[in-house]
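*Asks:* One structure is given below, represented as structure tokens, and several questions about it will come after.
The values are calculated or read from the model by the stated rules, or taken from the named source; none is laboratory data. These numbers come from a predicted model, not from an experiment. Cβ placement follows ideal geometry from the backbone for every residue including glycine, while neighbour counts extend to all protein chains displayed. Heavy atoms of the whole protein, side chains included, go into the accessibility calculation; ligands, DNA and RNA do not. Shrake-Rupley method; radii C 1.70, N 1.55, O 1.52, S 1.80 Å.
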Amino acid sequence: MTIEGSTQGAAPDLPGGSQMRASDAERERIAEVLRDAVAEGRLDMAEFEERLEAAYTARTHAQLEPLVRDLPAPGAVAAPEPRPEEATSLAARDDGWAGRIGGAPTSRMGVAIMGGFQRKGTWTAPRAFTAMALMGGGEIDLREARFEGRETVIRCFTLMGGVQIIVPPDLETHVSGVGIMGAFDHSGTADGDPTGPRVTVTGLAVFGGVSVERKLRRDEQKRLKAERRREREARKEELRAARRERRAELEERQAERRARRHDLGH
């Protein structure tokens with residue numbers, strides 16, 4: 001494999017000559033640089049998968065170095081500038097996305113083989129997460145999750161199984177996976193809050209399915225449920241007040257008719 005481009009990047013922490021044998025730790029460091037690159041949009045998925053496979057099969061530093069030669073060295077590039085409206089939005093939303101980006105990932109992979117896996121609650125999603133389901137199912141719930149960075153790639157591979165991804169309505173999500181004799185639901189693609197992270201869902205579903213579903217967060221569901229309950233109570237009270245008013249009008253008319261009959265009788 002030949003990789004052309006600038007030489008601004010360097011293979012991280014690869015001491016010694018180019019013919020030195022590569023260790024598992026060195027291969028994993030190269031893989032992490034590649035994951036960051038695809039999350040930042042520097043590599044497309046085809047390039048990422050090709051380089052990742054080459055990284056895990058490399059035996060020497062000479063085979064590892066070209067894989068990241070055209071990529072920035074770790075820490076060499078500043079964090080991306082905030083998106084438009086972000087500065088004011090983040091200041092106004094202390095409890096919003098600003099407090100949910102950053103931190104060490106809780107998990108980087110979920111595997112379901114004739115079983116299942118779940119990632120839900122206040123877990124921290126990594127920049128690159130791999131989900132595999134073989135005759136099983138997985139659930140990835142991002143509604144309450146934190147995010148390691150602003151770009152997250154979820155790669156799903158299913159064979160006679162399925163993966164369900166749940167996202168809040170304000171999370172920007174892009175779906176680009178392929179289904180073969182199965183279903184890869186692309187309807188989950190949608191824009192979201194520009195101050196928040198962006199999630200890309202990709203992969204392959206064979207005799208299986210991958211779905212992205214938008215659901216409200218639990219606190220929002222509770223708030224809306226409480227609002228609907230208050231609205232129902234308010235409507236009931238309005239109906240009760242209308243009935244009382246109508247009853248008072250009828251009683252007043254009946255009293256007037258009785259008074260007229262009494263006057264006529266005398």
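*Asks:* Name the pairs: first residue in segment 45-65 and among the basic types (Lys, Arg) and part of a helix (DSSP H, G or I), second residue modelled with pLDDT of 85 or more and surrounded by fewer than 18 Cβ atoms within 10 Å (Cβ to Cβ), Cβ to Cβ under 6 Å, at least 6 apart or on different chains?
*Replies:* none
*Asks:* Residues being open to solvent by 10 Å² or more (accessible area, probe 1.4 Å) and either out of contact with any Gly (no Cβ under 7 Å at 6 or more places or on another chain) or of a type outside the set (A, V, I, L, M) (or both): count how many of those fall in segment 166-185.
*Replies:* Qualifying residue count, segment 166-185: 12.
*Asks:* Okay, moving on. Does any residue of segment 90-113 turn out to be farther than 19 Å from Gly149 by Cα, more than 29 Å from the chain's Cα centre (by Cα) and either modelled with pLDDT under 80 or of a type in the set (Asp, Glu) (or both)?
*Replies:* Taking every residue of segment 90-113 in turn, none turns out to be farther than 19 Å from Gly149 by Cα, more than 29 Å from the chain's Cα centre (by Cα) and either modelled with pLDDT under 80 or of a type in the set (Asp, Glu) (or both).
Residues checked against (1) modelled with pLDDT of 80 or more; (2) open to solvent by 100 Å² or more (accessible area, probe 1.4 Å); (3) of a type in the set (Ser, Thr, Tyr); (4) assigned to a strand (DSSP E or B):
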| site | (1), (2), (3), (4) |
| --- | --- |
| Leu204 | yes, no, no, yes |
| Val210 | yes, no, no, yes |
| Glu213 | yes, no, no, yes |
| Glu220 | no, no, no, no |
| Glu233 | yes, no, no, no |
| Glu237 | yes, no, no, no |
| Glu251 | no, yes, no, no |
| Arg260 | no, yes, no, no |
| Asp263 | no, yes, no, no |
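*Asks:* Given (1) surrounded by fewer than 23 Cβ atoms within 10 Å (Cβ to Cβ); (2) within 21 Å of Gly136 (Cβ to Cβ); (3) at pLDDT 90 or above; (4) not charged (D, E, K, R), identify the lone condition not met by Thr158.
*Replies:* For Thr158, the failing item is (1).
*Asks:* Thr152 - would you say it is closer than 22 Å to Lys215 by Cβ, of a type outside the set (D, E, K, R) and either modelled with pLDDT of 95 or more or surrounded by 21 or more Cβ atoms within 10 Å (Cβ to Cβ) (or both)? Explain how you work it out, then say what you get.
*Replies:* Details: closer than 22 Å to Lys215 by Cβ: yes; of a type outside the set (D, E, K, R): yes; either modelled with pLDDT of 95 or more or surrounded by 21 or more Cβ atoms within 10 Å (Cβ to Cβ) (or both): yes.
Taking the combined requirement at face value, the residue satisfies it.
*Asks:* Quick check, is Ala255 open to solvent by 40 Å² or more (accessible area, probe 1.4 Å), more than 20 Å from Ala128 (Cα to Cα), among the small types (Gly, Ala, Ser) and assigned to a helix (DSSP H, G or I)?
*Replies:* Details: open to solvent by 40 Å² or more (accessible area, probe 1.4 Å): yes; more than 20 Å from Ala128 (Cα to Cα): yes; among the small types (Gly, Ala, Ser): yes; assigned to a helix (DSSP H, G or I): yes.
So Ala255 fits the description; yes.
*Asks:* I would also like to ask the following. What residue, of Arg51, Arg59, is at pLDDT 85 or above, surrounded by 16 or more Cβ atoms within 10 Å (Cβ to Cβ) and basic (Lys, Arg)?
*Replies:* Testing whether each residue is at pLDDT 85 or above, surrounded by 16 or more Cβ atoms within 10 Å (Cβ to Cβ) and basic (Lys, Arg) leaves just Arg51.
Every residue, every condition in (1) open to solvent by 10 Å² or more (accessible area, probe 1.4 Å); (2) touching a residue at least 24 places away in the same chain (Cβ under 8 Å); (3) farther than 18 Å from Ser211 by Cα, yes or no:
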position	(1), (2), (3)
Gly99	yes, no, yes
Ala104	yes, yes, yes
Phe129	no, yes, no
Ser187	yes, yes, no
